[in-house]
Amino acid sequence: MTETEAALSQARPYVAVGGLVGVVVMLMDNPHMIDPLFGSSAAVHAFFRAALVAAMAAGLLLALRPWRSPRRAAGRAGFGSLLAACAFVGAWGVRTVGLPEAALVLCGAAFGVGFAVAVVRWGSAFSALDERVALFAVALAGVAAALLKLLALALSDAFPLTPSFVVAAGLVASAVMPRPAPYAVSPAAPSGSVVASASVGRAPSWVSGAFSQNWEIVVGLLLCAFISASQWGAQLTGVPIANNPGPESAWGTATGFLVGSALLCVAVRRMAWRDFKVVYQLAPLVCVASLQLIWFFGALTGTVGRFAFSIPLGCAIAVMAELFWVRLSTGDSASLAAAWGVATAAFATWFLAVVEAWPWVGDDAMSTTAQTGMVLYLVAVGLVPVLRQRRRGAEEPTDLARLQEERCRHLAERAQLSRREAEILSYLAQGRSAPFIAEELFVSTNTVKTHVRHIYGKLGVHSKEELLDVVHDAR
């Protein structure tokens, strides 16, 4: 079996997450696509306002529960997806029967709770995969979701309920398709590794580290969510917006999402994983820079103009959302549900705030805010590496360094260290501290310290000095 075939075999059960991705792709730019199901924009607004508020509350509750019982939050399997699907279809029933708006709000709240549970469950389950396979799986799911939206758009004129059907079908698919057990431990992670045995008490610090170490992706994704939420706010309230999202915009964002996901699939297969850290560093910068560049052209008009304007947004959302998904799913099982609960609550809060603020603030102020945020982001992303490099100092590779790297590799093979432990061993042999290693590997300091304890145990040493002696004597 080739490496690609092995990766596909591992990733296949996880592609079911494409059902959730499909919901996001279908709804990310234009709420009017599901108007035929709800009957009016006012009904859509009431439903999704309740859904976002419920997702905020559910996310926070799921973030707190794992500190007492880390497995129960993720052990719901497809319950969340099925609940969201039933609530979504129930909204159609409410409109058909003519029940009061309170029933629609109740359906929206159930949808938000179900979707939050499903996101936390799937995000936690991805910890069982090697990081490379996880990224391949979620990018492949993104490709499938984008193709499904393009198909729904092609059929929507003849069958207006097609987009709504795709949303419901995506939720059901993510629940009933073959899927892995929650919190399964990958072969690369032994039973004593951080994935299997990290302390629940470390959850708060791990969550903080997960977001701070990946701030470029998090902030970039928030900027994309700001633009999408602005379009939602304008559409739901009828307030004019320069780049009014229509069918052409939906085609553009779906095409961009397809391109971004496909590029990640190709990069994962073609690039050496050691070099892939460059993608994590540069991709958010390139995505936001492309949005800023297209913004300078102003609101493009006409069918082709709106289509072209939306492609960079769809591509940016795909790349940063999929990178964020994988980065947040790399950690210990006791902290994963906490991290995903916080992320779900934060993004729901952010999206709801922008949607509700839109009619009060207006297009000009919101556009200025978005452009200012992108400029500040680009400046920060450009300056941080320079400041880090000045702090660390330039290092010239030497023959001695290459020899030490070779010794570490042989030692890791003999001691059967995992891939992550081998990386950390190499840094320890260079005399690097835990905070430095955490920054280099985009993980929390506590995660690094846990790995160090496992390395000491496998090598039979009790201090860094003993470790350096073992590395020096390795042949």
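Here, each number is a calculation from the coordinates, and none is a lab measurement. Here the structure is a predicted model, which is why all the values come from computation and not from measurement. Glycine gets a Cβ as well: all are built from the backbone with ideal geometry, and neighbour counts include every protein chain shown.
Rounded to the nearest 20, the Cβ-based charge dipole of region 399-473 about its Cα centre (Lys and Arg +1, Asp and Glu -1) stands at 280 debye.
How high is the FRET efficiency between Val97 and Leu151 when r is their beta carbon distance and R₀ equals 35 Å, given to the nearest 0.05? Once rounded, the FRET efficiency stands at 0.70. Each label was represented as a point 7 Å from its Cα along the Cα-to-Cβ direction; for His410 and Phe79 these points are 5.4 nm apart.
For a modelled paramagnetic label at Ser208, 7 Å from Cα along Cα-to-Cβ, the residues of region 433-468 in reach, with backbone nitrogen under 16 Å, are 435, 439, 443-449. Per-residue Cβ neighbour counts within 10 Å put Ser164, Ser174, Ser444, Ser426 in the sequence Ser426, Ser164, Ser444, Ser174, beginning with the fewest. Shown is the FRET efficiency for Val461 and Trp360, computed with R0 = 56 Å from the Cβ-Cβ distance and rounded to the nearest 0.05: 0.35.
Put in line by how crowded their Cβ is, counting other Cβ atoms within 10 Å and starting with the fewest, Val239, Val448 read Val239, Val448.
As a footprinting exposure proxy, order Lys277, Lys458 by other Cβ within 10 Å, with the fewest listed first.
Numbers: Lys277 12, Lys458 19.
Starting with the residue having the fewest Cβ neighbours, the order is Lys277, Lys458.
Sorting 92-98, 406-412, 135-141 by average packing, meaning the other beta carbons within 10 Å per residue, from highest down gives 135-141, 406-412, 92-98.
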